[in-house]
There are 2 protein chains.
Amino acid sequence: MAQAPSIPKGVRDFSPVEMNKRNYIFDTLKDTFKLFGYEQIETPSMENLSTLLGKYGEEGDKLLFKILNSGDFAKSVVAADLEGENSNFLSTKICEKGLRYDLTVPFARYVVMHQNEVVFPFKRFQVQQVWRADRPQKGRYREFYQCDVDVIGSNALLNEAELVQIVETVYKKLNINVTVKINNRKILTGIAELIDEADKITDITVAIDKLDKIGLDGVLKELQERQISDEKIEILKPIILLSGDTELKLNTLEKILSVSETGLKGIKEMRTMFNYLKMTKITIPCELDLTLARGLNYYTGAIFEVKSDDVQIGSITGGGRYDDLTGIFGLKNISGVGISFGADRIYDVMEQLNLFPETVVSSTKALFVNFGAKEEAWNLPFVAKLRDAGISVEMYPEAAKMKKQLGYADSKKIPFVVLVGEDEMNSNQFTIKEMESGEQWKVGFEELKIKLL
Amino acid sequence: MAQAPSIPKGVRDFSPVEMNKRNYIFDTLKDTFKLFGYEQIETPSMENLSTLLGKYGEEGDKLLFKILNSGDFAKSVVAADLEGENSNFLSTKICEKGLRYDLTVPFARYVVMHQNEVVFPFKRFQVQQVWRADRPQKGRYREFYQCDVDVIGSNALLNEAELVQIVETVYKKLNINVTVKINNRKILTGIAELIDEADKITDITVAIDKLDKIGLDGVLKELQERQISDEKIEILKPIILLSGDTELKLNTLEKILSVSETGLKGIKEMRTMFNYLKMTKITIPCELDLTLARGLNYYTGAIFEVKSDDVQIGSITGGGRYDDLTGIFGLKNISGVGISFGADRIYDVMEQLNLFPETVVSSTKALFVNFGAKEEAWNLPFVAKLRDAGISVEMYPEAAKMKKQLGYADSKKIPFVVLVGEDEMNSNQFTIKEMESGEQWKVGFEELKIKLL
């Protein structure tokens, strides 16, 4: 009754080599988060649908994976539930739970449920899978990891600066050149106030973003097409043409936005934050980018986006400040700021630039070739001793043909094999062979150990 | 529109302290698996229901969490599907996918799907969550981690011995005293052949297991109640009364089972395996236990169970050899052997015996108290330098009251706070205070660094 096995579309198996590379990224992230005093939490894969529904917009609701109630799930379903446009209604009758769609809503739920145990400011990180019933395509999966780091319960802008430091530390360790783009929601609000067009702020940032490609005239034309009056476009012109370094830009903006209290507050926040970055001697490029408008529906202060300098792949890290994350669950006035690292994209960047260190590929340092029972008996205590010293070694489990055993070492990218036959046993020595060069030496046990350490 | 948040029953949030402790266990397991040359894989949380159904018995099928098809899932459902006992049939019409129930079936599916990439013997480990729609109760959850380590594609008994070595290494690192109980399915088959009662082997092992509690007469009575004839009970008597060390037991069994080819093969396997354990100088107690009968429906050779010597909690690790794991998916004659570590039970044992090291609790080594803008500016470069040296430090993000900042350090179990005011800045020094003793000293930066390393 054998069946040809398959897996659902949009999800993946990860092989040992892929796992080693992925763990290299995850470990770098986790170690860095800890270095800055962030602590890990985990939330369950399943949340009540009441926790998830309505948090990600209408489109998001559709992308939730729902879990069929166990037991006699259909007992309250009646024929009428099957009629017309009732699929959604029916699903609420037969499903109470759904799979986590992101880490942010479960985090908010966690903070509210555990508010009496949590110490504020709560610096937490979370590296877990999320699930989305999206149409699968290249680089978009139905199951993927998010790596979120947030601090909640503190308004201080030092937190924003610390997140940028985390970005710097992570990407230096991974050897990826990046640029951090920073904006502030309050500045965008200020611009909208200036021309009294709060609804069009996204249109405006999209248009400004095209300056390099279509030139000033192109941008102005696009703004006209978006029904922004000539008078208002005239007011926007100096913002479109804003240039110079961040300090200069902020000085210019301060003059332009002098009528907007919110806009000025945004500028002050940016000054404080960039000042912190200077104090901590940040070395990766960090620049003000007014066209950055991600997450406008929830960010209230800083907005971040990190791009690879060498691979065109969109943002590999992003985030911002949100002033009322936990309000949806009844805990008001808790401000937070956080960023999320995109592990799959980081993986793709590292693959393209060949940045994974050689050592990541294999965990086994040496394979002891198995020549038979007598040699096994002689070698096993030494194998155990090497492991006691923390060295990862294997003994091939049976006396297979030499070619097969060496092929095994080769496939697993094990750098050394150890050969012990009659000669070696008589002289209390080990022949160690370096797989890549093919060179081999006879050594004593202590020397072998040092070689493999 | 705030709602009081909750999570589904049977699943859990893990706080930072719990995560640190759990990671201590997971890291110990993973590091040990790697030390023995095992490599990690991951499979998706969702499998096709066709992969999962029928693999865990009728009861298991009921415990699978099924995922509602996305989109218009109910389009092919008709009113008749709702009638009578049709819940099961209906679920197959509206669900194609289910959540992973264990790691073994997905592993078999993985090996078959990737048979051309996999190098045999394939030594793999997998640490992932599984989901079961079981009735939640103390110590039983609907979402929990399994930690499996298996080698597939090798019949050699050295693999069995290696798994026992892994058990030894893990529990020595975790400081848990354990005993390994070992049985062999072939010996049990031999016993069944001896009295021609293949169906009653479980009844027999259950009865023999009670020898200590109910005495020989009790056991014999129980066997009679199980419809085993007096003549056959007479044959079983020397097996029930089997005593002495493993070698003695095997010698006695060899005589008793001399008529059973399978039984003798089992004895030979056990001799070889115990001999390997001797060669590798295993120090934890490993004993033959004929009453061990776990997984009788799929194990074909060795059967393992590991128990804590100091806490009564059932088996904390278990496994065995299975000769045809991948056959269900069309790949025949691949033998494997593996064990699974129960992370939740190991956690409970360590909590009860207070075995988690102090250092596990906090990741942050020192908190820099925040006295205001001037001190921040002075301290931030030093904070960055300590992190560059790999020391996890935090600066409180704002100049809150001293009591609040020290309370924060205390709650997070941060062992040191660093205080820098006017005096310290003038003399280029740092006051470091040990939280537990309350002692404090003034030190230079290098000394501070050494203290925190």
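The values are calculated or read from the model by the stated rules, or taken from the named source; none is laboratory data. Predicted model only: the values in this text are computed from it and were never measured. Ideal geometry is used to build each Cβ from the backbone, glycine not excepted, and the neighbour counts take in all protein chains shown. In case anyone asks, the SASA skips ligands and DNA or RNA and just uses the protein heavy atoms, side chains included. Shrake-Rupley method; radii C 1.70, N 1.55, O 1.52, S 1.80 Å.
Semi-axis lengths, largest first, of the ellipsoid equivalent to segment B:84-142 are 30, 20, 7 Å, with √(5λ) applied to each eigenvalue of the Cα gyration tensor.
Kindly give Rg over Rh for segment A:193-328, based on alpha-carbon atoms, with the Kirkwood expression for the hydrodynamic radius.
Details: Rg = 15.8 Å, Rh = 16.5 Å.
Across segment A:193-328, the Cα-based Rg/Rh ratio is 0.96.
The spacing between segment B:197-216 and segment B:284-335, judged by their C-alpha centroids, is 19 Å. The local environment of A:PHE368, defined by Cβ-Cβ distances under 10 Å, has a net charge of -3 under the rule Lys, Arg +1 and Asp, Glu -1.
Quick one: divide the alpha-carbon radius of gyration of segment A:355-453 by 2.2 N^0.38 Å and tell me what you get.
Values: Rg = 12.9 Å, N = 99, 2.2 N^0.38 = 12.6 Å.
Cα-based Rg divided by the globular estimate yields 1.02.
Dipole size of segment A:351-453 about its Cα centre, with +1 on Lys/Arg Cβ and -1 on Asp/Glu Cβ: approximately 160 debye, rounded to the nearest 20. For chain A, the longest principal axis of the C-alpha atoms and the axis of helix A:158-174 are separated by about 40°.
On a per residue basis, the convex hull of the C-alpha atoms belonging to chain B measures out at 240 Å³. Lys/Arg Cβ at +1, Asp/Glu Cβ at -1, dipole of segment B:242-355 taken about the Cα centre: which of B:GLN352, B:GLY330, B:ALA293 is farthest positive-ward? Highest projection toward the positive end goes to B:GLY330. Accessible area per residue for segment B:409-453, computed on protein heavy atoms with a 1.4 Å probe, is 56 Å². Classified by the C-alpha gyration tensor, segment A:273-424 has a prolate form. Its axis ratio a/c, with a ≥ b ≥ c, is 1.5 or above, and a/b is larger than b/c.
The figure for B:ARG12 is an accessible area of roughly 40 square angstrom, using a 1.4 Å probe on the protein chains alone. Spherically averaged projected area of the convex hull of Cα atoms, the protein assembly as shown: 45.5 nm². The modelled label-to-label distance between A:ASN333 and A:VAL78, using points 7 Å beyond Cα along the C-beta direction, is 4.8 nm. Going by accessible surface with a 1.4 Å probe and the largest first, A:VAL119, A:VAL17, B:VAL127 read A:VAL17, A:VAL119, B:VAL127. The label-point distance for B:GLU351 and B:GLU439, in a model that sets each label 7 Å from Cα toward Cβ, rounds to 3.4 nm.
For segment A:201-303, report the accessible area per residue in Å² (1.4 Å probe, heavy atoms, rounded to an integer).
Values: 5590 Å² over 103 residues.
Heavy-atom accessible area per residue stands at 54 Å².
A point 7 Å from Cα along Cα→Cβ stands in for B:ASN23, and the other copies hold the same point at 1.5 nm, listed in rising order. For the rotation carrying B onto A, the chain B residue whose Cβ lies nearest the axis, with the distance in whole Å, reads B:ALA79, 2.
Between B:ILE450 and A:ASN175, the FRET efficiency estimated from the beta carbon spacing at R0 = 41 angstrom works out to 0.90. Would you calculate the separation in nanometres between label points at B:VAL259 and A:ASP196, each defined as 7 Å from the Cα along the Cα-to-beta-carbon direction? Between B:VAL259 and A:ASP196, the simple spin-label model gives 10.5 nm. Evaluated at q = 0.20 Å⁻¹, a Debye calculation over the C-alpha positions of segment B:390-434 (equal weights, vacuum) places log10 I(q)/I(0) at -0.73.
Per-residue accessible area (protein heavy atoms, 1.4 Å probe) orders B:THR326, B:THR202 as B:THR202, B:THR326, starting from the largest.
Here's how it looks for B:SER154: its modeled amide H is under 5 Å from those of B:SER335, which are all 5 or more places away or on a different chain.
Under the classification rounded if a/c is under 1.5, otherwise prolate if a/b is larger than b/c and oblate if not, where does segment A:1-58 fall, given a ≥ b ≥ c as square roots of the Cα gyration tensor eigenvalues?
Numbers: a/c = 2.83, a/b = 1.13, b/c = 2.50.
Oblate.
Using heavy atoms of the protein chains and a probe of 1.4 Å, the accessible area assigned to A:ASP348 is about 60 Å². Between copies, the label points at B:SER229 (set 7 angstrom from Cα along Cα-to-Cβ) are spaced 10.8 nm, reported in nanometres from shortest to longest.
Remark on A:GLN128: its backbone amide H falls under 5 Å from those of A:GLN146, A:ASP148, a criterion applied only to residues 5 or more positions apart or on other chains, H modelled at 1.01 Å from N.
In square nanometres, what is one fourth of the surface area of the convex hull spanned by the alpha carbons of segment A:354-405? Let's see the in-between values first.
On the way: hull surface 18.1 nm².
Computing the convex hull of the Cα atoms and averaging its projections yields 4.5 nm².
Globularity index of segment B:251-338 is 1.25 (Cα radius of gyration / 2.2 N^0.38 Å, N = number of residues). Between copies, the label points at B:SER427 (set 7 angstrom from Cα along Cα-to-Cβ) are spaced 6.5 nm, reported in nanometres from shortest to longest. Each 5 Å bin, from zero up to the one with the longest distance, holds this percent of the alpha carbon pairs of segment A:303-366: 4, 14, 17, 14, 12, 11, 10, 8, 6, 3, 1, 0.
Centre-to-centre, using Cα atoms only, segment A:1-77 and segment B:366-440 are separated by 38 Å. Applying 1/(1 + (r/R0)^6) with r as the Cβ-Cβ distance of B:LYS385 and A:THR92 and R0 = 45 angstrom yields a FRET efficiency of 0.25. Note on exposure: A:LYS172, B:LYS66 ranked by accessible area (1.4 Å probe, complete protein assembly) read A:LYS172, B:LYS66, with the most exposed listed first.
Between Rg and the Kirkwood Rh of segment A:22-177, both from Cα atoms, what is the Rg to Rh ratio?
Numbers: Rg = 19.2 Å, Rh = 18.0 Å.
Ratio value, two decimals: 1.06.
Rg over Rh of segment A:98-229, using C-alpha atoms and the Kirkwood radius, what does it come to?
Values: Rg = 19.8 Å, Rh = 18.9 Å.
Checking Rg against Rh, the ratio lands at 1.05.
The apolar share of the surface of segment B:12-147, taken as the fraction of accessible area on carbon and sulfur atoms (1.4 Å probe, ligands and nucleic acids excluded), comes to 45 percent. Going by a ≥ b ≥ c, the root eigenvalues of the Cα gyration tensor, does segment A:1-105 fall in the rounded group (a/c under 1.5), the prolate group (a/b larger than b/c) or the oblate group? Oblate is the answer for segment A:1-105, as a/c is 1.5 or above yet b/c matches or exceeds a/b.
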